[in-house]
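Structure record follows, encoded as structure tokens.
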Amino acid sequence: MRIFAVGFADLSGRAGTSGGVVHLLETCKALRDTGHDVTLFVSSPGKYDGGDLPFQVVYLPYVDVRFFRSVFQPFFLFLWLFWYCLTEGCDVVYENCVAYSFSGGLVAKLFGKRHCMHVHGFYPDEMAMAGHGALRIGIVKFFEWIDYKLSDALFCVTPVVREKVMEVYGVPPEKAFFVYNGVDIERCRPMPKRKAAKELGLPANRRYVGFTGYLFPWSGVDQLIRCAPMVLDSFPRTTFLVVGNGIWGEKELPEMARESGVAGHFVFAGYQPWEKIPYYSALYDVGVTPYPGEKGVGRYRSSMKSLEYSAAGTPVVITRCEGVSDIIEKGECGIVVPPDNDEALAGAIIELLGDVKLRKKLGANGRKLVEREYSWREVAAKMTAIISTIGE
């Protein structure tokens, strides 16, 4: 198939490499590696500088002015996509990381092409929790409603996301599919702890409990801070390593750590280049995914960080979250605990820190699982199998 992929994503890395950017690039690579012709149309403030990409990239004109950017991104996308469909043609328009736009779906309908898109979460809830106003949330819901109406297939990263878009937007079940996230099993792989520590400039003679991801109220890092004193009572030489950025990254979380008396045991590494993430995943003795329960939006989140821990051979402690913790249970590669339970989270971390054999066993199970079922190639195969049924 010839696939026109679309993303409004910063490929330059100036503002960090988000999970959405990783997902977009890895999916395009996997589609290309499985024999499809991929062209990526991207609105980015700068070009990708991480080496040659194995597919064509068309950079749309970029207006770096707030508010105007949201207007011009879909406008330029419509023009460029329309021209390429007219002059070169495609079989599928695939959207990933696109907001405030229904240009992709509209062009696909005008040319009679199949259209599909990834749905990474339920953004109105996330925006409300992040403090955005009702007007902006309403605008996002309007664009999402049109997008989902125009699309032939929605790839939802968890079952809960799928249920939410069906409930709120009236998407029929035959158009919404649960397609799990993947992991680059070549880039993320086990390595000696000493090698990972040396690469990152960190001491290798400490226990590391790690979190990698967005630092938002729904990430659960506040719970990790609350349970840290219990862990430190058992293992005083433990460092909690938090990698990522977000609205809670610079002030809120460090202040929470100070108030809890554990600031000296926390390292907030901030944004780290995509290329360094495998070293962090391999350095962790325990990788933590502490999503909050029903009171938050953690239940919409994806499995990407847990899969990266597992790919590096690191055991996972995760709160129960449908479509994410299920993977860890199935693969027997970590411990699943109830959400919003500090004692249970601390207890699981303590159990793993105190049992080297168990850590190695769960880590090895995780590596086998991702090699078998959760590579990006597997994701691409599932996507294209769904796309091939459109119109039947």
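Bear in mind that the values in this text are calculations on the coordinates, not laboratory data. Just so it is clear, the model here is predicted, and its values are computed rather than measured. Methodologically, a virtual Cβ is constructed for each residue, glycine included, from the backbone with ideal geometry; neighbour enumeration extends over all protein chains shown.
Counting only helical runs of four or more DSSP H residues, what would the 222 nm mean residue ellipticity of the chain come to if each run contributes -39,500 (n - 2.57) and the total is spread over all its residues?
On the way: 15 runs with 173 residues, N = 392.
Helix-only estimate at 222 nm: -13500 deg cm²/dmol.
For the range 193-373, rounded, prolate or oblate, judged on the Cα gyration tensor with a ≥ b ≥ c (square roots of eigenvalues), a/c < 1.5 rounded, else prolate if a/b > b/c?
Numbers: a/c = 1.28, a/b = 1.09, b/c = 1.17.
Rounded.
Using Cβ contacts closer than 10 Å as the measure, can you line up PHE76, PHE68 from fewest to most? Don't jump to the answer; show the numbers that get you there.
Details: PHE76 17, PHE68 10.
Exposure proxy ranking, most exposed first: PHE68, PHE76.
To make sure I understand the rule: partners must be lysines, Cα under 24 Å from the Cα of LYS109, and not fewer than 8 residues away in the same chain. Which ones qualify?
Answer for LYS109, where 24 Å is the Cα cut-off: LYS141, LYS149, LYS175, LYS382, listed by chain and number.
Where is the GNM fluctuation largest for the chain (alpha-carbon springs, 10 angstrom cutoff): GLU329, GLU26, GLU259?
Looking only at GLU329, GLU26, GLU259, the largest GNM fluctuation is found for GLU259.
Given the pairs LYS198/LYS357; LYS251/LYS368; LYS305/LYS361; LYS276/LYS368, which span a C-alpha to C-alpha distance of over 29 angstrom in this model? Walk me through the numbers before you get to the answer.
Values: LYS198/LYS357 24 Å; LYS251/LYS368 39 Å; LYS305/LYS361 19 Å; LYS276/LYS368 22 Å.
Correct reply: LYS251/LYS368.
Where the centre of each part is set by its Cα atoms, how far does the range 18-44 sit from the range 93-126, in angstrom?
15 Å
Once you have all Cα-Cα distances for the range 50-114, histogram them in 10 Å bins from zero and send the whole-percent values.
Whole-percent P(r) values from 0 Å outward: 19, 49, 29, 4.
Residue by residue through the range 172-184, what is 3J(HN,Hα) from phi via Karplus (6.51 cos²θ - 1.76 cosθ + 1.60, θ = phi - 60°)? Round to whole Hz and write x for glycine and proline.
Using θ = phi - 60°, the values come out as x, x, 6, 10, 10, 10, 8, 10, 4, 6, x, 8, 7 Hz.
Checking the a/c ratio against 1.5 first, then a/b against b/c, what shape does the Cα gyration tensor give for the range 1-130?
Values: a/c = 1.40, a/b = 1.20, b/c = 1.17.
Since a/c stays below 1.5, the shape of the range 1-130 is classed as rounded.
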